[in-house]
Amino acid sequence: MARTQTKESRLAVRLTAEQRERIDQAAAAEGRTVTDFAIAALSERAGHVLADRRIFPVGSAQWERFVELLDQPVRSLPRLAELLARDPGWAE
């Protein structure tokens with residue numbers, strides 16, 4: 001038996017009549033409810049937007065340079081260590 005997730009949040013949007021008609025037609029074409037269609041479309045788009053901020057394609061030369069930089073020994077940066085050790089003030 002499939003387990004359903006409890007949906008705890010609601011999203012309301014305002015649409016033009018043309019937007020609503022187009023969405024209704026698309027949902028019907030896929031045999032889905034408008035809610036299921038909207039959730040799938042929004043989730044897919046959100047995945048693409050977030051992936052664009054987490055995945056950065058690079059060429060082989062760029063990748064080799066990146067790996068080269070990662071393989072370098074760690075440098076001591078006393079001023080950075082001092083800065084990171086400070087109380088940020090906003091963390092209260």
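The values are calculated or read from the model by the stated rules, or taken from the named source; none is laboratory data. On a predicted model such as this, the values are computed, not experimentally measured, just so you know. With ideal geometry, Cβ positions are generated from the backbone for all residues, glycine too; neighbour counts draw on all protein chains shown.
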Practice problem: State whether one or more residues within the range 1-11 are surrounded by 11 or more Cβ atoms within 10 Å (Cβ to Cβ), among the charged types (D, E, K, R) and either in a loop (DSSP other than H, G, I, E, B) or modelled with pLDDT of 95 or more (or both). | Solution: no
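With respect to Leu42, is the statement that it is within 24 Å of the chain's Cα centre (by Cα), modelled with pLDDT of 95 or more, assigned to a helix (DSSP H, G or I) and among the aliphatic types (A, V, I, L, M) true?
So Leu42 passes the test.
Please pick out the residue among Arg53, Arg14, Arg75 that is at pLDDT 95 or above and either assigned to a helix (DSSP H, G or I) or loosely packed, with under 10 Cβ neighbours inside 10 Å (or both).
On inspection, the qualifying residue turns out to be Arg14.
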Quiz item: Which members of the range 23-74 meet the condition of being of a type in the set (Val, Ile, Thr) and either farther than 30 Å from Ala12 by Cα or in contact with a Phe, Trp or Tyr (Cβ under 6 Å, 6 or more places away or on another chain) (or both)?
Solution: Ile55, Val58, Val67, Val74
Practice problem: Select from the range 21-42 the residues that are over 21 Å from Gln5 (Cβ atoms) and aliphatic (A, V, I, L, M) and write down the one among them that is surrounded by the most Cβ atoms within 10 Å (Cβ to Cβ). | Solution: Ile23
